[in-house]
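Worksheet: one structure, shown below.
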Amino acid sequence: MEVLKRGLVLLMVFMVFQRGEGQLFENFYRGTCPNLEMIVKQVVSIKFSQTFVTIPATLRLFFHDCFVEGCDASVMIASPNGDAEKDAQDNLSLAGDGFDTVIKAKQAVEIQCAGIVSCADILALAARDVVVLAGGPSWEVELGRRDGLVSQASKVAGNLPDPEFNLVQLNTIFAKNNLTQFDMIALSGAHTLGFSHCNRFSNRLYSFSSSSVVDPSLDPNYAQQLMQACPQNVDPSIAINMDPETPRTFDNVYYQNLVSGKGLFTSDEVLFSDPASQPTVRDFASNPGNFNGAFITAMRKLGRVGVKTGNEGEIRTDCTKFNS
């Protein structure tokens, strides 16, 4: 009997260490949908073969979802009234390919495991898979999220980082989600992929301050490149790569760019110009292994933000609609 008790205690301790916040744990669907990760990976790979935008779009979608109402796929909801999370001003630039990736993966999962896997978990898996497809590191994704029951555009403002934020503002908004400055700098490395519309940084080129029209922290040659790509009054749909060196590879070149004055946003360049964050940027710029390790840790922590379990959420049949 004593041996049995000790065995149960050990099992419970093991389960605690396996679980994340909100009762998440790896292999959550081992018994109910054993092929889940393979199905999602296959769909993501097919979507990637159709368009590279799949990669930055899916990664950014995960971040925007988790920072508003937690990682609960509330960003996926489509409202006929145009008042869901995705309709908020800060989310209008989310590329449709990210949404499409999750929708297609959910449809494929439903064929084998109907009503079992949440859209929130599928988005978390897809975010990991796109990083790997871009040459980045892999990690075990904690699972067990439920899909949220609320999606309101009004809840978005003030909950996402702004491209003009300074270090204190960045740290404040990340701390609200239990993420440290170190996590924030690591997650900013996702800017090694993807693109931005000109209006998100044009003030750095044409109206920075009364003493300097162009942001003096920008490398002059890079500033010229940006001006050629984004002349004043440019078509707002024009977008440029956030990493001018290796825009299709998940690597640490983003940090090397910051050291060279080639951070696209003020919120990128401040990571290097502020003495409080500069040592971490220099470390990541020189040591890709350190960056990859920090990014994995930060992504796992991000995936635990505001998680719903049990009756706090549902398992949506269609990621774009609440069940009832």
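The values are calculated or read from the model by the stated rules, or taken from the named source; none is laboratory data. Please read these numbers as outputs of a predicted model, since none were measured by experiment. For neighbour counting, all protein chains shown are included, and Cβ atoms are generated from backbone atoms with ideal geometry for every residue, glycine included. Just so you know, the surface numbers come from the protein's heavy atoms only, side chains and all, with ligands and any DNA or RNA stripped out. Shrake-Rupley method; radii C 1.70, N 1.55, O 1.52, S 1.80 Å.
Could you list, in sequence order, all residues of region 252-297 that are part of a loop (DSSP other than H, G, I, E, B) and either not acidic (Asp, Glu) or not assigned by the TED database to the domain that holds Leu205 (or both)? Don't jump to the end; show me each part of the working.
Step one: filter region 252-297 for residues part of a loop (DSSP other than H, G, I, E, B), giving 252, 260-265, 274-277, 287.
Asn252, Ser260, Gly261, Lys262, Gly263, Leu264, Phe265, Pro275, Ala276, Ser277, Asn287 - these are the residues of region 252-297 that are part of a loop (DSSP other than H, G, I, E, B) and either not acidic (Asp, Glu) or not assigned by the TED database to the domain that holds Leu205 (or both).
Is it the case that region 58-70 has a residue that's buried (at least 22 other Cβ atoms within 10 Å of the Cβ), assigned to a loop (DSSP other than H, G, I, E, B) and touching a Cys at 6+ places or on another chain (Cβ under 6 Å)?
Checked region 58-70: no residue is buried (at least 22 other Cβ atoms within 10 Å of the Cβ), assigned to a loop (DSSP other than H, G, I, E, B) and touching a Cys at 6+ places or on another chain (Cβ under 6 Å).
List, please: which pairs have Cβ atoms under 6 Å, are six or more places apart or on different chains, and start with a residue in region 23-44 that is over 18 Å from Leu123 (Cβ atoms) and end with one that is open to solvent by 40 Å² or more (accessible area, probe 1.4 Å) and assigned to a loop (DSSP other than H, G, I, E, B)?
Thr32/Ile116
Kindly provide the set of residues from region 100-118 that are small (Gly, Ala, Ser) and either farther than 12 Å from Ile315 by Cα or not assigned by the TED database to the domain that holds Lys86 (or both), ordered by number.
Step one: list which residues in region 100-118 are small (Gly, Ala, Ser), which gives 105, 108, 114-115, 118.
Hits for region 100-118 are Ala105, Ala108.
Are any residues in region 77-106 hydrophobic (A, V, I, L, M, F, W, C) and under 14 Å from the mean Cα position of the chain (by Cα), and if so, which ones? Even if it seems obvious, please write down each step before you answer.
Taking region 77-106 first, the residues hydrophobic (A, V, I, L, M, F, W, C) are 77-78, 84, 88, 92, 94-95, 99, 102-103, 105.
Within region 77-106, Leu94, Ala95, Phe99, Val102 qualify.
Taking the stated definitions as given, is Ala73 of a type in the set (A, V, I, L, M), on the phi > 0 side of the Ramachandran plot and crowded, with 21+ Cβ neighbours inside 10 Å? Let's see the steps before the verdict.
Values: of a type in the set (A, V, I, L, M): yes; on the phi > 0 side of the Ramachandran plot: yes; crowded, with 21+ Cβ neighbours inside 10 Å: yes.
Judged against the criteria, Ala73 is a match.
Among the numbered criteria (1) buried (at least 20 other Cβ atoms within 10 Å of the Cβ); (2) in contact (Cβ under 8 Å) with a residue 60 or more places away in the chain; (3) of a type in the set (A, V, I, L, M, F, W, C), which one does Cys230 miss?
If we test Cys230 against (1) buried (at least 20 other Cβ atoms within 10 Å of the Cβ); (2) in contact (Cβ under 8 Å) with a residue 60 or more places away in the chain; (3) of a type in the set (A, V, I, L, M, F, W, C), just (2) comes out false.
Looking at Asn233, Asn252 in this structure, which one is at pLDDT 95 or above and not hydroxyl-bearing (Ser, Thr, Tyr)?
Working: Asn233 fails: at pLDDT 95 or above.
Criteria check complete, one pass: Asn252.
Mind listing just one residue for me: the one in region 270-305 that is among the hydroxyl-bearing types (Ser, Thr, Tyr) and under 22 Å from the mean Cα position of the chain (by Cα) and, of those, surrounded by the fewest Cβ atoms within 10 Å (Cβ to Cβ)? Steps first, please.
Within region 270-305, the subset among the hydroxyl-bearing types (Ser, Thr, Tyr) is 273, 277, 280, 286, 297.
Checking which are under 22 Å from the mean Cα position of the chain (by Cα) leaves us with 277, 280, 297.
Values: Ser277: 21, Thr280: 20, Thr297: 15.
Filtering first and then ranking leaves Thr297.
Only residues in region 189-201 that are farther than 12 Å from Phe295 by Cβ count as the first member; pair them with residues that are outside any strand (DSSP E or B) and open to solvent by 50 Å² or more (accessible area, probe 1.4 Å), Cβ under 7 angstrom, at least 6 apart or cross-chain, and list the lot.
Sorted first by the residue in region 189-201, then by its partner, the pairs are Gly194/Arg60; His197/Pro236; His197/Ile238; Cys198/Ile238; Asn199/Pro236.
Among the residues of region 78-102, how many are hydrophobic (A, V, I, L, M, F, W, C) and crowded, with 24+ Cβ neighbours inside 10 Å?
Looking only at region 78-102, we keep the residues that are hydrophobic (A, V, I, L, M, F, W, C), and these are 78, 84, 88, 92, 94-95, 99, 102.
Subsequent filtering for residues that are crowded, with 24+ Cβ neighbours inside 10 Å retains 102.
Result for region 78-102: 1.
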